[in-house]
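The values are calculated or read from the model by the stated rules, or taken from the named source; none is laboratory data. Everything numeric in this text was worked out from a predicted model, so none of it was measured. With ideal geometry, Cβ positions are generated from the backbone for all residues, glycine too; neighbour counts draw on all protein chains shown. Side chains are part of the model used for accessible areas, which takes the heavy atoms of the whole protein and leaves out ligands, DNA and RNA. Shrake-Rupley method; radii C 1.70, N 1.55, O 1.52, S 1.80 Å.
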Amino acid sequence: MNVPVWLWFATIGGLVAIILADLFLVDHKPHAVTIKEATRWVLFYVALAVLFGLGIWFFAGGQYAGEFFAGYITEYSLSVDNLFVFVIIMSSFAVPPIHQHRVLLVGIVIALVMRGIFIAVGAAAIEQFTWVFFIFAAFLLYTAVNMVRQGMGGEDEEWKEPRIVKAVRKIFPVTDEYHGSKTTVKLDGKRWVTPMLIVMIAIGLTDLLFALDSIPAIFGLTQESYLVFTANAFALMGLRQLYFLLGGLLKKLIYLSYGLAVILAFIGVKLVLHALHENELPFLNGGRPIPVPEVSIGLSLAVIVGVLAITTVVSLVAVRRNPALADAHGGIQGPPVAHDAAEARAIEEHDRHVDEEQARDDAAHSAPRPTH
């Protein structure tokens with residue numbers, strides 16, 4: 001797939017424009033997210049991804065379009081599992097509901113930039129060393145086993161504060177309270193970092209850690225850097241609204257870990273077959289390619305969609321028959337989302353009252369002291 005430089009710039013520019021529009025339309029006025037709003041934005045981003053995939057189909061052919069859709073669905077499905085950790089982070093930092101949307105936006109933008117660098121490095125490594133596919137495959141199979149263990153354990157995902165976040169706490173003084181949406185604040189003549197900046201960094205870096213699973217997985221579906229990047233971008237941009245939309249559904253997807261484990265193991269095997277087909281290792285068949293069958297993108301797409309559909313249906317049916325399974329799966333609570341406009345206003349009034357009280361306190365601390 002020959003992607004000209006201008007198309008790269010046009011794509012990145014379009015993504016930046018969408019993010020800025022999202023920031024202006026949604027985040028210029030902090031508010032509580034309603035189910036209807038989250039649903040509209042999820043459908044919008046999914047529609048954008050579908051239109052983009054159809055554009056690839058029209059201009060580059062069905063093979064590349066299939067690779068994009070397979071990669072996009074895989075990235076999005078892995079993101080659903082990652083939402084558990086996002087909920088834990090938001091709860092740990094006690095982020096006010098009206099500011100959670102912005103936290104996710106900034107955190108995901110950080111992750112998107114860093115993922116872009118990671119994708120470029122991975123693509124360069126694959127271009128030079130085909131044996132990298134064996135490493136990716138081993139990592140995916142290892143991750144699949146861990147996901148099965150996680151599902152069997154029925155415990156919440158553990159989250160540990162990244163080291164760089166701990167380093168920020170050591171270098172800069174951090175306030176105990178939030179100061180609206182401010183990331184820094186000046187109190188008594190001293191500049192402080194607020195928990196808002198800390199949680200944004202935590203979300204961004206945690207999502208980058210998730211890329212260690214998802215990036216090798218998508219390289220198992222396509223080796224086109226352009227498709228890898230755009231599939232990641234569309235999955236990440238739609239992740240914020242999905243965070244609010246899923247809500248209490250998160251704890252009902254009790255078999256999600258098993259489904260994702262099957263997908264990762266399938267892609268891991270696909271990577272091994274591809275690596276053997278492109279073999280250059282001297283101790284395997286004398287450094288010559290090994291004629292093994294390769295998995296088509298059509299079969300890959302069918303397996304991914306089928307496993308996700310079966311996992312979701314079986315999970316929801318099991319929880320409906322035995323609601324206790326959801327509680328046994330973990331005590332994690334869904335993100336705060338308003339069911340209607342009245343509930344949204346109540347959440348907003350409470351959080352704005354807290355912000356106003358904090359702003360008055362900040363003003364008192366930042367006012368110049370009288371001299372004698």
Exercise. Among the residues of the stretch 93-102, which ones are touching an Asp or Glu at 6+ places or on another chain (Cβ under 8 Å) and either outside any loop (DSSP other than H, G, I, E, B) or open to solvent by less than 10 Å² (accessible area, probe 1.4 Å) (or both)?
Worked result: Pro97, Ile98, His99, His101, Arg102
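Here is a yes/no grid of residues against (1) part of a loop (DSSP other than H, G, I, E, B); (2) at pLDDT 85 or above:
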site	(1), (2)
Leu276	no, no
Phe283	yes, no
Ile290	yes, no
Gly298	no, no
Ile304	no, yes
Ile310	no, yes
For this session: Go through the residues of the stretch 161-175 one by one and say whether even a single one is within 18 Å of the chain's Cα centre (by Cα), acidic (Asp, Glu) and buried (at least 18 other Cβ atoms within 10 Å of the Cβ).
Result: no
Exercise. With the stretch 103-221 as the region, which helices (runs of 4 or more DSSP H) entirely inside it contain at least 2 residues that are touching a Gly at 6+ places or on another chain (Cβ under 7 Å) and modelled with pLDDT of 75 or more?
Worked result: 132-153, 195-219
For this session: Please indicate, with yes or no, whether at least one residue in the stretch 50-72 is surrounded by fewer than 22 Cβ atoms within 10 Å (Cβ to Cβ) and not in a helix (DSSP H, G or I).
Result: yes
Problem set entry | Residue within the stretch 216-226 that is crowded, with 20+ Cβ neighbours inside 10 Å, within 22 Å of Met147 (Cβ to Cβ) and touching a Lys or Arg at 6+ places or on another chain (Cβ under 7 Å) present | yes
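To keep it simple, each residue is scored yes or no on (1) among the acidic types (Asp, Glu); (2) open to solvent by 70 Å² or more (accessible area, probe 1.4 Å).
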site	(1), (2)
Leu276	no, no
Glu280	yes, yes
Leu284	no, no
Pro291	no, yes
Val295	no, no
Gly298	no, no
Val307	no, no
Thr311	no, no
Ser315	no, no
Problem set entry | Index of the failed condition, Phe86 passing every other in (1) among the aromatic types (Phe, Trp, Tyr); (2) open to solvent by less than 20 Å² (accessible area, probe 1.4 Å); (3) modelled with pLDDT of 90 or more | (3)
For this session: Return the total of residues in the stretch 39-82 being of a type in the set (D, E, K, R), under 16 Å from the mean Cα position of the chain (by Cα) and modelled with pLDDT of 90 or more.
Result: 0
Problem set entry | Within the stretch 166-220, tally of residues that are closer than 30 Å to Glu127 by Cβ and aliphatic (A, V, I, L, M) | 8
